[in-house]
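Colleague: Provided herewith is a single structure, encoded as structure tokens, for subsequent inquiry.
The values are calculated or read from the model by the stated rules, or taken from the named source; none is laboratory data. Note that the structure is predicted; figures quoted are calculated from it, not measured. Neighbour counts are summed over all protein chains in view; Cβ atoms, including those assigned to glycine, are modelled from backbone coordinates with ideal geometry. Surface areas here come from the heavy atoms of the whole protein model, side chains and all, with no ligands, DNA or RNA. Shrake-Rupley method; radii C 1.70, N 1.55, O 1.52, S 1.80 Å.
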Amino acid sequence: MSKLLDEKDLKLLSLLQKNSNMSIKELAKRIGSPITTVYSRIRRLERLGIIKGYTAILDPVKLGFGTTAFILASFKYKIEKGGELVSQRAIARKIASLPGVQEVHIISGDWDILIKVKARDVQEVGRFVLDKLRLIEGIEKTLTCVVFDSAKESMELPLDLISKERGEEKG
């Protein structure tokens, strides 16, 4: 995918992921391109699916969701009733639809799924695990890790690595 992007695309993406509210005029000034060119580049990046959307980043603590938990879950591949096979993807989609769930990942190792949850407090995390997660058919066991402090939470991708790789390829 990075072959489709030039240095100006990468700089534009870097600016947008830091502040997607930046005006086209300011973006154009920062990357040294005309406004119409920047507008066209953004639309192209959206069409390619590289830019998936724009969103406001909310402060969970100020909104009362100060507790973060990561939950590992494993599941039974066969449900006892009738011996049906369980779809790991279907379980992941069901978990993803639950309120408070921010991320759901199918993972390798001793556990099958990793879930990130934001909640008001530890008791709410407990209710989520006991009253929602563990009631999903196929979930066998869970391990909950409550976050004490977060040094970094980000969706930013290290686009500078793509630029560095290109510099090494040219040399």
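Colleague: Considering the chain as a Gaussian network with a 10 Å cut-off on Cα pairs, which listed residue, 73, 28, 119, attains the greatest mean-square fluctuation?
Modeller: Fluctuation is largest for 28.
Colleague: Probe of 1.4 angstrom, ligands and nucleic acids ignored: what's the accessible area per residue over the chain, in square angstrom? List each step's numbers first, then the result.
Modeller: Working: 11820 Å² over 171 residues.
Per residue, the chain has an accessible area of 69 Å².
Colleague: Taking Rg and Dmax of the Cα atoms in Å straight from the coordinates, which label in (1) 21.1, 64; (2) 18.0, 58; (3) 15.3, 45 is the correct one?
Modeller: Label (1) holds the value from this structure.
Colleague: Here's another thing I want to ask about it. Can you list the trypsin sites (Lys or Arg not before Pro) in region 88-165 that are in a DSSP coil and have 13 or fewer other beta carbons within 10 angstrom?
Modeller: Numbers: sites: 89, 93, 94, 116, 118, 120, 127, 132, 134, 141, 152, 164; in loops: 120, 132, 152.
The qualifying sites are 152.
Colleague: A further question on this structure: For the chain, modelled as a Gaussian network with Cα springs under 10 Å, which listed residue fluctuates most, 84, 103, 137?
Modeller: 84
Colleague: Which angle from 0 to 90°, rounded to the nearest 10, does the C-alpha axis of helix 7-18 make with the longest principal axis of the chain?
Modeller: 50 degrees
Colleague: Quantify, in whole percent, the carbon and sulfur part of the accessible surface of the chain (1.4 Å probe; protein heavy atoms only).
Modeller: Numbers: 6510 of 11820 Å².
Summing carbon and sulfur atoms, their accessible area is 55 percent of the total for the chain.
Colleague: How about region 22-73: which trypsin sites (Lys or Arg not before Pro) there lie in a loop by DSSP and see at most 11 other Cβ atoms within 10 Å? Please report the intermediate quantities before stating the final value.
Modeller: Values: sites: 25, 29, 30, 41, 43, 44, 47, 52, 62; in loops: 52, 62.
Passing sites in region 22-73 are 52, 62.
Colleague: Taking a label point 7 Å from the Cα of residue 87 along the Cα→Cβ vector, which residues of region 138-163 have an amide N closer than 18 Å to it?
Modeller: 138-139
Colleague: Now, a different point. Where does helix 160-170 land angle-wise versus the long Cα axis of the chain, in degrees 0 to 90, nearest 10?
Modeller: 60 degrees
Colleague: For residue 155 and residue 78, what does the FRET efficiency come to when R0 = 25 Å and r is the distance between their Cβ atoms, rounded to the nearest 0.05?
Modeller: Details: r = 36 Å, r/R0 = 1.46.
Calculated transfer efficiency: 0.10.
Colleague: Report the gain in length on full extension from residue 97 to residue 111: 0.36 nm times residue separation, minus Cα-Cα distance, nm rounded to one decimal.
Modeller: Details: separation 14, 0.36 × 14 = 5.04 nm, distance 2.02 nm.
Taking 0.36 nm per residue and subtracting the Cα distance, the gain is 3.0 nm.
Colleague: Assigning unit charges at the beta carbon (Lys, Arg +1; Asp, Glu -1) and nothing else, what dipole magnitude in debye, to the nearest 20, does the chain show about its Cα centre? Present the calculation step by step, with values, prior to reporting the outcome.
Modeller: Numbers: 30 positive and 23 negative charges, 134 e Å.
Using only the charged Cβ atoms, the result is roughly 640 debye.
Colleague: Name the longest site-free stretch of the chain, where the excluded sites are chymotrypsin sites (Phe, Trp or Tyr not before Pro) in a DSSP loop with no more than 10 other beta-carbon atoms within 10 Å. Intermediate results must be reported in sequence, preceding the final value.
Modeller: Values: sites that count: 54, 148.
The longest uninterrupted stretch comes out as 55-147.
Colleague: Reachable lysines from residue 8, Cα under 19 Å, same-chain residues fewer than 8 places away excluded?
Modeller: 18, 25, 29, 52, 164, 170
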